[in-house]
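We did not get these values from a lab; they are worked out from the coordinates using the rules stated. From a predicted model like this one, the values you see are computed outputs, not experimental measurements. Heads up, the Cβs are rebuilt from the backbone with ideal geometry, glycines too, and the neighbour counts pull from every protein chain shown.
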Amino acid sequence: MPTLQATFYGHTYDNPFMNASGVHCMTMTELDALADSAAGSFVTKSATAEAREGNPEPRYVNVDLGSINSMGLPNLGLDYYLDYAIKRQASHPDQPFVMSVASYQGFDEYVANMRKIQESDYTGLVELNLSCPNVPGKPQMAYDFEDTDRLLTEIFAFYTKPFGVKLPPYFDIMHFDKIAAVLNQFDLKFVNCINSIGNGLYIDEVTDTVVIKPKGGFGGIGGEYVKPTALANVRALKQRLNPSIEIIGTGGILTGRDAYEHLLCGASMLQVGTQLEKEGLGVFERLTKELLAILEAKGYASIAEFKGMLGTLD
Ligand SMILES: O=C1NC(=O)NC(C(=O)O)N1
């Protein structure tokens, strides 16, 4: 019987599956339910310095081929998630997870949030979200290569705990080269590719209107729509980054086959957003079963036997 065991930053998880930040991870109740689910690990909702209501509703809609959202970083504030994380790492030291951190104000808040974590008792992984597309008037940090370089330089001047970054999708080979060149300068533990494809537009076929209220209906796109872009970003970053920087694959994972393809592109862990929102926590049992069946059919005993082994047509 093959195993789905996944090794990531020195810990071996039962399987590579996690939620994507933002889905089923706002409250400690939701987080504990995630931890008790079949998911291998979990990540918290991106925290900002202060609690935020987020954008006006409707701000998240599931559609046939995925989802569109402009949540606007609603969250209970960094102290809430830091408190949860410190308690959780003490009560379940054998079940590491990831704490997601964002910023509403911009550059200085990113630094301040990371400084607070540095000075706290939390010692686990942090996912620095550089790619929220939904804060009106605020750019996605990781689309500005110089600012990203400056921010990571400033954080690494004081931050000694393990962390990685959540990236937006890139669509140009030169941009893969540029972001990888920036990130390879730093002792990052992982990159998570991708966040939603920012500022898409979905039109309701009955009302001839947009379906979410913020930003005239513009929102991040997730689900089936994004898998080709997600796979390309996982593959491109895996090919370019120092081997010490692992990849979390996020985007378009609905089936075991989608999960398998992310692993083929080099992902170590896999995050599920839209499909978790649509299907609930049972999605993790289904995905692990489907992925196991693929390993069985192909005669693989473990993920290590095919991880990153995407074939090309040379
Ligand atoms: O990073 C994010 N990506 C999204 O697609 N939505 C959320 C949000 O809007 O809070 N944040």
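Some values worked out for this structure:
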item	result
Hits in the stretch 48-88 - residues which are part of a strand (DSSP E or B), within 11 Å of the ligand (Cβ to nearest atom) and within 30 Å of LEU287 (Cα to Cα)	TYR60, SER67, ILE68, ASN69, ASN75
Qualifying residue in the stretch 26-42 (condition: surrounded by 19 or more Cβ atoms within 10 Å (Cβ to Cβ) and within 13 Å of the ligand (Cβ to nearest atom))	no
Selection count, the stretch 187-220, where residues are touching a strand residue (DSSP E or B) at 6+ places or on another chain (Cβ under 9 Å) and part of a loop (DSSP other than H, G, I, E, B)	10
Where SER131 falls short, out of the listed (1) surrounded by fewer than 16 Cβ atoms within 10 Å (Cβ to Cβ); (2) within 16 Å of the ligand (Cβ to nearest atom); (3) touching a residue at least 60 places away in the same chain (Cβ under 8 Å)	(1)
Residue match in the stretch 100-108 (condition: assigned to a strand (DSSP E or B), closer than 20 Å to THR27 by Cα, in contact with an Asp or Glu (Cβ under 9 Å, 6 or more places away or on another chain) and touching a residue at least 60 places away in the same chain (Cβ under 8 Å))	yes
Qualifying residue in the stretch 165-182 (condition: more than 13 Å from the ligand (Cβ to nearest atom), under 22 Å from GLY219 (Cβ atoms) and surrounded by 19 or more Cβ atoms within 10 Å (Cβ to Cβ))	yes
Every residue from the stretch 55-81 that is small (Gly, Ala, Ser), crowded, with 16+ Cβ neighbours inside 10 Å and farther than 17 Å from GLU279 by Cα	SER70, GLY72
Residue within the stretch 107-114 that is more than 19 Å from ASN195 (Cβ to Cβ) and not small (Gly, Ala, Ser) present	yes
